[in-house]
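Scroll down for the structure; my scribbles are underneath it.
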Amino acid sequence: MSLGTGVARAVISTIGRDRPGVVDRISGLVHSLNLSIEDSRMTVLGGEFAVLMSVTGGDLPIQRLETKLGQLAEQLDLAVLFRRTGDRTDVEGRVPYTVSVTSMDHPGIVHHVARFFSARGINIYNLDTVTERAPHTGTPIFSLVMEIELPANQRISELRDSFFYFCDDHDLDCELRPS
């Protein structure tokens, strides 16, 4: 898909065994095709290394990337998803906010928090979670940070009150603040 200026964009996702050199090989392939990494997230999850990357450049190099990425994935034993995309067009008038939640770990936290916002038509555009052990007790502590986009007509005070009551009911410590 073209961005309207002769620039094409694709999103790639890869996952494979964590080991040195994966980022070097993927970024080297992108560079060799004269493409730019516009945005990326890379992390180790369990024993796997996951890459999510938005790449921009010419249409032909993007086509070549899809082919060459498949070949590289075979060499490195990676699972790959490649998808052409364009610019986001539905963000006009949305107000960015950051949500933080911390709690003793238990199943369903992400689901309940996501449902709270989706039920109100609020888009989550970034979400990170981590579970760590409390220093003295070893209790698993779950932390969630998400960025949301509020519709321009959203009453912040009502949302904040509803969210704090929701968190209280679910035994979550929370914060909602402008990004």
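The values are calculated or read from the model by the stated rules, or taken from the named source; none is laboratory data. Everything numeric here is computed off the predicted structure, so don't read it as measured data. Glycine gets a Cβ as well: all are built from the backbone with ideal geometry, and neighbour counts include every protein chain shown.
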Study note, to complete from the structure: Out of (1) touching a strand residue (DSSP E or B) at 6+ places or on another chain (Cβ under 9 Å); (2) free of Cβ contacts under 8 Å to residues at least 60 places away in the same chain, the one Asp77 does not meet is (2)
Point to revise | Yes/no for Ser13 being assigned to a strand (DSSP E or B) and either within 22 Å of the chain's Cα centre (by Cα) or among the β-branched types (Val, Ile, Thr) (or both) | key: yes
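Does the stretch 46-61 contain at least one residue that is farther than 25 Å from Asn123 by Cβ and of a type in the set (Asp, Glu)? Step through it out loud before you land on a result.
Going residue by residue through the stretch 46-61, those that are farther than 25 Å from Asn123 by Cβ are 46-49, 57-61.
This time we only want the ones that are of a type in the set (Asp, Glu), so: 48, 59.
Looking for residues that are farther than 25 Å from Asn123 by Cβ and of a type in the set (Asp, Glu), one finds at least one in the stretch 46-61, hence yes.
Which of the residues belonging to the stretch 66-124 are assigned to a helix (DSSP H, G or I) and outside the structural domain of Glu158 (by TED's automatic domain parsing)?
If we filter the stretch 66-124 for residues that are assigned to a helix (DSSP H, G or I), which is where we start, we get 66-76, 109-118.
Scanning the stretch 66-124 gives Glu66, Thr67, Lys68, Leu69, Gly70, Gln71, Leu72, Ala73, Glu74, Gln75, Leu76.
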Exercise for review: Scan the stretch 107-165 for residues that are under 24 Å from Ala50 (Cβ atoms) and of a type in the set (Ser, Thr, Tyr) and report the count.
Suggested key: 5
Point to revise | the stretch 88-105, subset more than 16 Å from the chain's Cα centre (by Cα) and surrounded by 11 or more Cβ atoms within 10 Å (Cβ to Cβ), residue farthest from Asp171 (Cα to Cα) | key: Val91
Review point. For the stretch 154-163, does any single residue satisfy the condition of being in contact (Cβ under 8 Å) with a residue 60 or more places away in the chain and assigned to a strand (DSSP E or B)?
Key: no
Practice item. Any residue in the stretch 24-43 that's in a helix (DSSP H, G or I): show its pairings with residues that are surrounded by 14 or more Cβ atoms within 10 Å (Cβ to Cβ) and of a type in the set (D, E, K, R) at Cβ separation under 6 Å, as long as the two are six or more apart or on different chains. Key: Leu29/Lys68
Check your understanding: Across the stretch 33-55, which residue is surrounded by the fewest Cβ atoms within 10 Å (Cβ to Cβ) among those that are in contact with a helix residue (DSSP H, G or I) (Cβ under 8 Å, 6 or more places away or on another chain) and either over 15 Å from Ala79 (Cα atoms) or modelled with pLDDT under 95 (or both)?
Key -> Asn34
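Of the residues Ser118, Ser162, which is closer than 28 Å to Ser40 by Cα and among the polar types (S, T, N, Q)?
On the way: Ser162 fails: closer than 28 Å to Ser40 by Cα.
Among Ser118, Ser162, only Ser118 is closer than 28 Å to Ser40 by Cα and among the polar types (S, T, N, Q).
Taking the stretch 129-155, which residues are of a type in the set (A, V, I, L, M), over 20 Å from Arg115 (Cβ atoms) and at pLDDT 95 or above?
Across the stretch 129-155, the qualifying residues are Val130, Ile141.
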